[in-house]
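A quick write-up on the structure given underneath.
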Amino acid sequence: MLLKLLSGRGRLITHFSGWALVTLITFYLLSGIRPPGEAVARTALFMLFPMVLFYTNARVLINYFFEAKKYGQWIVLAVALWLVMAAVRVWTELALFGGNILSVDDRKVADGWKMYLVTVLIYFVLMIFSSLYQLLENRRELENLHAEAQLNYLKAQINPHFLFNTLNNIYAAATLQHPNTAQMILRLSDLLRYVTYDGQADQVPLSKEIAQIRAYIELFQLKSENLLPITIEVEGDPGSRQIEPLLLLPFVENALKHGDLETNPDGFLRILLHNAPHKFTFLVENSFDPNNQQKDEQGGVGLENIRQRLALQYAGRNSFETKTLDGQFFAKLELLD
């Protein structure tokens, strides 16, 4: 939730709400000691200069000079901005209203130097705050860019890994001149379309990810003469949830690759998806032969990839565990809103 408030549209809303709140408070205080018309005018004056100072220092001076390591130029420009804005602010108030808000006689010019010193002090604090704010925001954006690049790298790992395993299945069918080989290639084409296009999105409907799981299982089934004992159970409305693409498919891919469905009469694969309002559970159970463990040369890219992606996208909002027991493998994923 905090990240949403500090990025994109949420950041804009946060800034607007903050300035609006300060404006209302300022107007409320001024309206108690000045006529309504003057209170509105003074409120606009009080808010205009701090906003210009804040964003000029943050967006221009910090971003284009301080972050570019032009520290000397930044100091000169920052001091000039600070002192000049304070002077213009005081001169404008004296010119428009003839004094500050506490002046009893509006025609009496108040002590301009005292007003200037007070304004300089206030604007100095504002300059420090705007500088710290922008520096922290820049660091957060760099971290987000790094995390996004890392996530894209992890997603890219899925593609060759997925393709490698699937092509192995098709190759095995082709060498036996299996009649479903052409159909398997067609299904692979559909799956690759999802991996290539939808896989690049930040989020997809859970129902679409489930559809790809079913398609992958159908592709696997095509190379078998008999219907394999694979069950999929979906509880809740999958259309009500968005999920990162290709997050669930590696679970199924791993279970089919390392399971013993084709060699064990009692082998099985059970998949359960449960979508609740604030929690999603995905459970995969499969049988395997402990004496015939095989891993590709990637060393089990799929599940390790999932762990890293969860750490990036669902930090603090996920639970992922795997275990083996009496020739059965269990993988359970929980996502919290």
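Among the candidates Thr56, Thr26, the residue that is polar (S, T, N, Q), modelled with pLDDT under 90, assigned to a helix (DSSP H, G or I) and assigned by TED's automatic domain parsing to the domain that holds Leu94 is uniquely Thr26. Mind checking which residues of the range 74-92 are modelled with pLDDT under 90 and either under 15 Å from Met51 (Cα atoms) or surrounded by fewer than 12 Cβ atoms within 10 Å (Cβ to Cβ) (or both)? Passing the criteria: only Arg89. Of the set (1) under 30 Å from the mean Cα position of the chain (by Cα); (2) at pLDDT below 85; (3) exposed (fewer than 12 other Cβ atoms within 10 Å of the Cβ), all apply to Leu154 but (3).
For every residue, the table says whether it meets (1) in contact (Cβ under 8 Å) with a residue 12 or more places away in the chain; (2) outside the structural domain of Ala182 (by TED's automatic domain parsing); (3) under 21 Å from Arg187 (Cβ atoms); (4) not in a strand (DSSP E or B).
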{"residue": "Glu218", "(1), (2), (3), (4)": "yes, no, yes, yes"}
{"residue": "Phe282", "(1), (2), (3), (4)": "yes, no, no, no"}
{"residue": "Asn305", "(1), (2), (3), (4)": "yes, no, no, yes"}
{"residue": "Ala311", "(1), (2), (3), (4)": "no, no, no, yes"}
{"residue": "Thr322", "(1), (2), (3), (4)": "yes, no, no, no"}
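Taking residues in the range 235-252 that are outside the structural domain of Ala315 (by TED's automatic domain parsing), and partners anywhere that are at pLDDT below 90 and among the polar types (S, T, N, Q), not one pair has Cβ atoms closer than 7 Å while being at least 6 places apart or on different chains. Among the residues making up the range 29-44, a single one is in a loop (DSSP other than H, G, I, E, B) and within 20 Å of Trp91 (Cβ to Cβ): Arg34. Take the conditions of a type in the set (A, V, I, L, M, F, W, C), loosely packed, with under 14 Cβ neighbours inside 10 Å and either modelled with pLDDT of 80 or more or not in a helix (DSSP H, G or I) (or both) and apply them to Ala95. Does it pass? Yes; evaluated as a whole, the condition is true for this residue. Scanning the range 296-312 for residues that are at pLDDT 80 or above, farther than 14 Å from Asn254 by Cα and touching a helix residue (DSSP H, G or I) at 6+ places or on another chain (Cβ under 9 Å) gives Gln308, Arg309.
The values are calculated or read from the model by the stated rules, or taken from the named source; none is laboratory data. None of the values given here were measured: they were computed from a predicted structure. Heads up, the Cβs are rebuilt from the backbone with ideal geometry, glycines too, and the neighbour counts pull from every protein chain shown.
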